[in-house]
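The next block holds one structure in the form of structure tokens; read it before the comments.
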Amino acid sequence: MEPPVLTDKDQFPTDEVIASHLGKRMALWQAFFEELRADHPDFVEAWRYYNDGKSWLLNVSRKKKTVFWLTVIKGTFRITCYFTDKSADAIRRSELSSELKEQFRDGKHYGALRGLSVTFARKSDLKDAKTLIALKLS
């Protein structure tokens, strides 16, 4: 996976800073957040600098439950949701792309969790992200 680019602890990730890293993918960023905020107005977005990874991450949550983590990487961004093994059947039956299903099946375990990540490269990634978020909420 690509390393994060928001690594300066003293530079809060403003829209301008994010746009400077995303370039032409800023349109995907805007489309993703417009849809997300319209569909889930109760989500809370919180940027925080994490010393263990030496980068800024966006935590998106509903009440006390983390829905996904967002990382800005060179030229794009990635969201990651974490699931337990109990979610395997729902993921297998979902409309996620075969690549994401394979990522879950073969992915590294972090204790009882496995991460599923969508890296935004094209508009169709918005659909996978929406499906991923729906799975996380179910």
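The values are calculated or read from the model by the stated rules, or taken from the named source; none is laboratory data. Everything numeric in this text was worked out from a predicted model, so none of it was measured. Every residue, glycine among them, receives a Cβ derived from its backbone with ideal geometry; neighbour counts consider all protein chains shown.
Some points to look at:
- Contact map, segment 72-90: first residue in contact (Cβ under 8 Å) with a residue 40 or more places away in the chain and under 12 Å from residue 6 (Cα atoms), second residue of a type outside the set (Val, Ile, Thr) and part of a strand (DSSP E or B), Cβ cut-off under 8 Å, separation 6 or more or different chains; pairs are 72/4; 72/56; 73/4; 77/70.
- Residues being over 12 Å from the mean Cα position of the chain (by Cα) and under 17 Å from residue 28 (Cα atoms) - total across segment 95-130: 5
- Across segment 27-39, a minimum of one residue is classified as more than 19 Å from residue 117 (Cα to Cα), touching a residue at least 12 places away in the same chain (Cβ under 8 Å) and not β-branched (Val, Ile, Thr).
- Flag for residue 10 being of a type in the set (D, E, K, R) and not in a helix (DSSP H, G or I): yes
- Out of 5, 67, sole residue that is on the phi < 0 side of the Ramachandran plot, modelled with pLDDT of 95 or more and either of a type in the set (Lys, Arg) or touching a helix residue (DSSP H, G or I) at 6+ places or on another chain (Cβ under 8 Å) (or both): 67
- Qualifying residue in segment 9-21 (condition: of a type in the set (Gly, Ala, Ser) and closer than 24 Å to residue 113 by Cβ): no
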